[in-house]
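*Asks:* What follows is a structure written as structure tokens; I'll ask about it next.
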Amino acid sequence: MSDPKADSPPRYLRTSEAARFLSLSGRTLEKHRTYGTGPEYHKIGGRVVYSVADLIAWAKLGKKKSTSDPGVGTVLPAKRHTPIPYAGKERR
């Protein structure tokens, strides 16, 4: 039996809906977007939307089995982090 959702188009959520989906506040999701620590998003016109698949993939980065489990990835907090050094010319 095939998956009935396989042929359906991707679902997109606005910031408030995506935040509710992740059990976060809308402001926290906006901060993640500003600092580059959140899920990938799309700009359509002047609106920011998130695909459900991208939200799920981002949430799975934080999956752990125990407090000592390093896991596959890390979901960083919504705050400014030290920038990654630039490989080319020095930035202003």
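Here, each number is a calculation from the coordinates, and none is a lab measurement. Please read these numbers as outputs of a predicted model, since none were measured by experiment. Here Cβ is always computed from backbone atoms with ideal geometry, including for glycine, and neighbour counts include all displayed protein chains.
*Asks:* Between residue 25 and residue 66, what is the FRET efficiency for a Förster distance of 30 Å, r being their Cβ-Cβ separation, to the nearest 0.05?
*Replies:* 0.65
*Asks:* About the Cα centre of segment 12-62, how large is the charge dipole given +1 on each Lys and Arg Cβ and -1 on each Asp and Glu Cβ? Please answer in debye to the nearest 20.
*Replies:* Rounded to the nearest 20 debye, it is 140 debye.
*Asks:* Contour minus end-to-end for residue 80 and residue 44, with contour as 0.36 nm per residue of separation and end-to-end as the Cα-Cα distance?
*Replies:* Full extension of this stretch gives 10.4 nm more.
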